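Down below is the structure, laid out as structure tokens.
The values are calculated or read from the model by the stated rules, or taken from the named source; none is laboratory data. Bear in mind the structure is a predicted one, so any value in this text is a computation, not a measurement. Please note: Cβ atoms are built from the backbone with ideal geometry, for glycine as well, and neighbour counts cover all protein chains shown. Note: accessible area is taken over every heavy atom of the protein model, side chains too, but ligands, DNA and RNA are not part of it. Shrake-Rupley method; radii C 1.70, N 1.55, O 1.52, S 1.80 Å.
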Amino acid sequence: MERKNVWMTYNEKQLKELESHAKEYMDFLNEGKTERECIDGIVNRIEKEGYQELQTLMKGKQTLKKGDKVYAVWMNKSIAMFQIGKRPMAEGMNILGAHIDSPRLDIKQNPLYEDGGFAYLDTHYYGGVKKYQWVTIPLAIHGVVVKKDGTTVEVNIGEAEDDPVFFVSDLLVHLAAEQLEKKAAKVIEGEALDIIIGSKPLVIDKKGDKEKEKEKGEKKEGKKNKESAKEAVKKGVLSILKETYEIEEEDFISAELEVVPAGRAREAGFDRSMILAYGQDDRVCAFSSLKAMLEVKETERTACCILVDKEEIGSVGATGMQSRFFENMVAEVMNLTGEYSELNVRRCLASSCMLSSDVSSAYDPSYAACFDRKNVAYLGNGMVFNKFTGARGKNGSNDANAEYLGHIRAIFDQEDVHFQTAELGKVDLGGGGTIDYILALYGMNVIDSGVAVLNMHAPWEATSKADVYEAKRGYVAFLEHASLS
């Protein structure tokens, strides 16, 4: 069974819509390189489209009716959006779920040190990365520093044209004979991924120091002057941080700083058919889900979109999918619609349909031996369905029901949405996971769907504009028509 390249199917109107959607998506990637930045941008956008904050409505004891749009943010890293449908929520929702975290380098809590005339920040990589891909490329620092008085300092350095950038050094090839004999997993060690942030010592007025020493005639004053010259590069960096951001070294303890590739999303290829950018896993599905929520009109079932943190490290923590945040917000929404009971919440979740919107591996002819060509996603062939993920013998997988997949097929064929089915790679080579198995615990129908990505988890990932467009179209069709009850 062969799926055609969807570029061949578009008319002029669709091509214009596709390019507009791609431009919007690239802007989304540029504005949100961290979870917090994504949430800020999403909230600003959806409030303009009539979404109201759930917590505000709860305080005012307001009620919700069909057509109302509400959202709830958790710890500035996860968000749930609801558009109330015509049917009772106890009959189930149509849910889109994606994650907004991506592999990166995180700054440690005691990170700043000097060695060999360089100032460094010590890092701990986040998520599944090939460590050697992160050396010698321009890097930016994004995040927040929370001071003891509760003040939050936002940090974004390395993205503007006149900003400095940072980097991880690598051994020159002339001296790398032993290094090149190592396995790829060991060529660059995790503790070697520290970023260079400066090399200029803090300027010391030596003449003034000598005059003071002469005047006082005290040897201990001279000793003090010598000590002030130690770690001068580190002190130089601290001086800049203090002057620019009012940040002290101790403030790193309560900071969340993420190191990401510096630079904007770019069109790729002479034909500009692809997008090359950081963080497309999984912000490509997050953006497409968001757009779908904003495009759907009145729906039969309540439409929901949940965008979460921590998927790359197991969906753990208070902002990951394994937390009770989503379940709690469903209960609160049902309370405002007048439907709340513990039984109704359970019925709602069990009767819901979900697309766990995450990326899939794209076929790469350069590494053809890793893929089953009959069961792999191809760039430009539409959005992707993975009936199961997991590793090897489907370990850790939610294997979607055939009845549910048949229902989705019918919807997509009705709405002329182009899709393909795939697995991550050959059976015994490994695998991956998404948030689907967590939602499946409620008994709801869940299947993985999303966009094929080339270079997945690399600093720069590639997608097809056509697949991004089809994903959004597919998500709209799902929100409007999915129902197995």
Using alpha carbons only, how many degrees (0 to 90, rounded to 10) separate the axis of helix 12-31 from the longest principal axis of the chain?
40
On C-alpha positions alone, give me the angle between the axis of helix 402-414 and the longest principal axis of the chain, in degrees, nearest 10.
90
Given 234-245, 9-20, the highest-first ranking by average Cβ count within 10 Å works out to 234-245, 9-20
Here FRET efficiency (C-beta to C-beta, residue 171 to residue 55, R₀ 51 Å, nearest 0.05) is 0.45
Using just the C-alpha positions of the chain as equal point scatterers, what log10 of I(q)/I(0) does the Debye formula give at each q in 0.07, 0.14 1/Å?
-0.43, -1.39
Given Cα positions, please report Rg to Rh for the range 382-485, the hydrodynamic radius being the Kirkwood one.
0.97
The range 79-197 - convex hull of the alpha-carbon atoms, volume per residue in Å³
210
Please report, to two decimal places, log10 I(q)/I(0) for the range 59-135 at q = 0.14, 0.25 Å⁻¹ as given by the Debye formula with identical point scatterers on the Cα atoms and no solvent.
-0.72, -1.28
Dipole-positive endmost among 356, 236, 92 within the chain (Cβ charges, Cα centre)
92
Assigned charges on the beta-carbon of Lys, Arg, Asp, Glu; the range 422-485 dipole about Cα centre (debye):
140
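What ratio of Cα Rg to 2.2 N^0.38 Å holds for the range 160-205?
Details: Rg = 15.5 Å, N = 46, 2.2 N^0.38 = 9.4 Å.
For the range 160-205, the normalised Cα radius of gyration is 1.65.
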Long-range amide H contacts for residue 112: which residues qualify at under 5 Å (H placed 1.01 Å from N, peptide plane, sequence gap of 5 or more or a different chain)?
122
Based on the Kirkwood radius over alpha-carbon pairs, what is the Stokes-Einstein translational diffusion coefficient of the range 230-374 at 37 °C with 0.692 mPa s viscosity, in µm²/s?
160
Strictly over 19 Å apart at the Cα level, which of 108/147; 108/131; 86/387; 23/465; 130/234 would you flag in this model?
86/387; 130/234
Rounded to the nearest 10, the angle in degrees between the Cα long axis of helix 219-228 and the longest principal axis of the Cα atoms of the chain comes to 30
From phi via Karplus (6.51, -1.76, 1.60), per-residue ³J(HN,Hα) for the range 382-391 in Hz, x at Gly/Pro
x, 5, 10, 10, 10, 4, 8, 10, x, 10
Leaving out ligands, DNA and RNA, what percent of the accessible area of the range 327-485 is carbon and sulfur, probe 1.4 Å?
48
For residue 357, the residues 5 or more places away or on another chain with a placed amide H closer than 5 Å to its own amide H are 97, 98, 449
Using a/c under 1.5 as the rounded threshold, could you call the range 1-149 rounded, prolate or oblate? The axes a ≥ b ≥ c are square roots of the C-alpha gyration tensor eigenvalues, and prolate needs a/b larger than b/c, oblate otherwise.
oblate
Quick one: compute the contact order of the chain, relative version, from alpha carbon pairs under 8 angstrom and 6+ residues apart, as a percent.
23
Length-normalised contact order for the range 419-485 - Cα pairs under 8 Å, 6+ apart - percent:
18
Dividing the alpha-carbon Rg of the range 429-471 by 2.2 N^0.38 Å yields what?
1.46
Counting only protein heavy atoms with a 1.4 Å probe and every protein chain in place, the carbon and sulfur fraction of the accessible surface of the range 70-166 in whole percent equals 50
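Of the listed peptides 337-348, 450-461, what is their order by residue-averaged count of other C-beta atoms within 10 Å, with the highest listed first?
The peptides rank, most packed first, as 450-461, 337-348.
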About the Cα centre, and with charges only on the beta carbon of Lys, Arg (+1) and Asp, Glu (-1), how big is the dipole of the chain? Nearest 20 debye, please.
280
For the chain, accessible area per residue (1.4 Å probe, heavy atoms of protein chains only), Å²:
49
For 97-107, 30-40, 291-301, ranked highest to lowest by mean beta-carbon neighbours within 10 Å, the order is 97-107, 30-40, 291-301
Honestly the range 17-88 on the Cα gyration tensor test (a ≥ b ≥ c root eigenvalues; a/c under 1.5 rounded, otherwise a/b vs b/c for prolate or oblate) is just oblate
